[in-house]
Amino acid sequence: MRALVLDDRVSVQESRPAPNPGEGEVLVRVSCAGICETDLQLIKGYMGFRGVLGHEFVGVAESGPLAGRRVVGEINCACWTCETCRKGLNTHCPNRTVIGILNHDGAFADLIAVPQRNLHAVPDALPDEIAVFTEPVAAAFQIPAQITIRPDDRIIVLGDGRLGNLCAQVLARLSNRVTVVGKHPQKLALLKALGIATALVSDPIDDRSADIVVDCTGSDTGLPTALRLVRPRGTIVLKTTVAGTQTLPWAPFVIDEVTLVGSRCGPFDRALEALERGEISVKPLISERYDLNKGLEALERAQAKSVLKVLLNVA
Ligand SMILES: [Zn+2]
Ligand SMILES: [Zn+2]
C-alpha cells in the first residue's frame, strides 16, 4: 500500500506492507485524512515517533460489525484491562498506543488498523471532507466535558488557527461572551463571519478580565498571556502542547487562585452529532486538498502561516 512514513525523514512509500490487524482490530480503507499541528510537531521530533503519520481520518471498515460502512476512529488504543481503563480513563491507559502518534501506524496510508471499539459510523449525510474533522472537533468538545461553562462567562480563546477556531465555535454555543485573540486577520474573519468576537494580539485587552482563557496558540507565549488575562479564581485551559521546557513565575497561580486545566482528546459521538446538525462550521477551514502521492507537498503547505486545514485525498 501507499503510506506517508516518518523515519529519519518523511517520505511517500509506494509498497509498504498493509498493517496486520491485532486482536480486536479491523482494517479501515482510508478515504480522506487531515494534517494537524501534531503531525508537524512529530516531524520535528516530538514524541520520537517513527512510522506512518496521521490520526485524523475517515474511511470504510473492511471487516467487523461496521464492515462496508464509513467510519471515523478514536485515536487512543487502550488495553481495557488495567486499573486506569477500569476506572473509565481509557484515553489515559498507561499501556495505550495512539494512532499516528505513539507506537501505532497512522492514517496517511491506504489502510490502517483500528481497534473495533474505537470506530464510530459516520452518518450518511456527512461528506468525508466534513467527517474528517471529527477528531479535532471532539477535542474542542472536551473543554465543556471538563469544566462548566456559564452563558455569561467571559471567555478568551488565544490562537486563531485550526484548533482555536473549533474551540471558539464550541464555546460560543455555551457562552455569548467569547473573544478569539489572534494574529491573522484572514483567520479571524472566518470567526467574525460566524458572529464570534475577535481581537488582534496587538489590541488592548483588559488584564485579569476573563473568567476562562483557552490557550490554543501552540506557542510558549500562550500560558504567560493567559495568566495575564485571567481573573482571580479564573480558569486557564491548555489545549495545545508545546515541546521543550517553559519557565514561568508560578506564584500568581497561588496568589490569584487560578485553576489550570490540561485538555486533550474528546467525545466523538458529540462531535459527529454537532457536525451532522451543522452546529460547527468546518468547510471554511479547508485550505487545500492533496493526493496522498503529493503528501510531502501537503505537509510543506500545512506549515504556511496563512493555511488552516490541509486534507489528503487517499482513496
Ligand atoms: Zn490532531
Ligand atoms: Zn489500560
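Just so it is clear, none of the values below were taken in a lab; they were calculated from the coordinates. These numbers come from a predicted model, not from an experiment. Here the Cβ is made from the backbone with ideal geometry for all residues, glycine too, and neighbour counts use every protein chain on show.
Among residues of segment 35-60 that are in a loop (DSSP other than H, G, I, E, B), those with a beta-carbon under 8 Å from a residue that is within 14 Å of ligand 1 (Cβ to nearest atom) and hydroxyl-bearing (S, T, Y) at least six positions away or on a different chain give the pairs H55/T38.
Do you know which of the residues in segment 61-86 that are of a type in the set (A, V, I, L, M) and in contact (Cβ under 8 Å) with a residue 60 or more places away in the chain is farthest from ligand 1 (Cβ to nearest atom)? This residue is V72. Checked against the criterion of being among the aliphatic types (A, V, I, L, M) and buried (at least 21 other Cβ atoms within 10 Å of the Cβ), segment 43-51 has no qualifying residue. Would you call R233 among the basic types (K, R) and on the phi > 0 side of the Ramachandran plot? For R233, the condition - among the basic types (K, R) and on the phi > 0 side of the Ramachandran plot - is met.
From the list R233, R228, the one residue that fits, being surrounded by fewer than 19 Cβ atoms within 10 Å (Cβ to Cβ) and part of a helix (DSSP H, G or I), is R228.
Within segment 244-269, being surrounded by fewer than 19 Cβ atoms within 10 Å (Cβ to Cβ) and part of a helix (DSSP H, G or I) holds for A251, P252, F253, V254, I255, D269. Tell me yes or no: at least one residue of segment 178-185 is touching an Asp or Glu at 6+ places or on another chain (Cβ under 6 Å) and surrounded by 18 or more Cβ atoms within 10 Å (Cβ to Cβ). Checking segment 178-185: at least one residue is touching an Asp or Glu at 6+ places or on another chain (Cβ under 6 Å) and surrounded by 18 or more Cβ atoms within 10 Å (Cβ to Cβ). Residue count for segment 271-287, restricted to those that are in contact (Cβ under 8 Å) with a residue 60 or more places away in the chain, surrounded by fewer than 19 Cβ atoms within 10 Å (Cβ to Cβ) and either of a type in the set (K, R) or in a loop (DSSP other than H, G, I, E, B) (or both): 3. Residue count for segment 36-53 under the criterion of being more than 9 Å from ligand 1 (Cβ to nearest atom) and either small (G, A, S) or closer than 16 Å to T240 by Cα (or both): the result is 9. Looking across segment 5-42, just one residue is surrounded by 18 or more Cβ atoms within 10 Å (Cβ to Cβ) and within 16 Å of ligand 2 (Cβ to nearest atom), and that is E25.
When you scan segment 147-155, do you find a residue that is within 16 Å of ligand 1 (Cβ to nearest atom) and of a type outside the set (G, A, S), even just one? No: zero hits. If a residue must be crowded, with 21+ Cβ neighbours inside 10 Å, out of contact with any helix residue (DSSP H, G or I) (no Cβ under 7 Å at 6 or more places or on another chain) and of a type outside the set (A, V, I, L, M), how many such residues does segment 205-225 contain? The total comes to 2.
Of the strands (runs of 3 or more DSSP E) lying entirely inside segment 79-176, those carrying at least 1 residues that are within 16 Å of ligand 2 (Cβ to nearest atom) and either at positive phi or under 20 Å from the mean Cα position of the chain (by Cα) (or both) are 111-115. Figure legend. Inter-residue proximity from segment 190-215: first residues in contact (Cβ under 8 Å) with a residue 24 or more places away in the chain, second residues acidic (D, E) and surrounded by 13 or more Cβ atoms within 10 Å (Cβ to Cβ), beta-carbon distance below 6 Å, spacing 6+ or different chains. Indicated pairs: D211/D153; I212/D153.
Against the numbered list (1) in a strand (DSSP E or B); (2) under 16 Å from A315 (Cα atoms), M1 comes up short only at (1).
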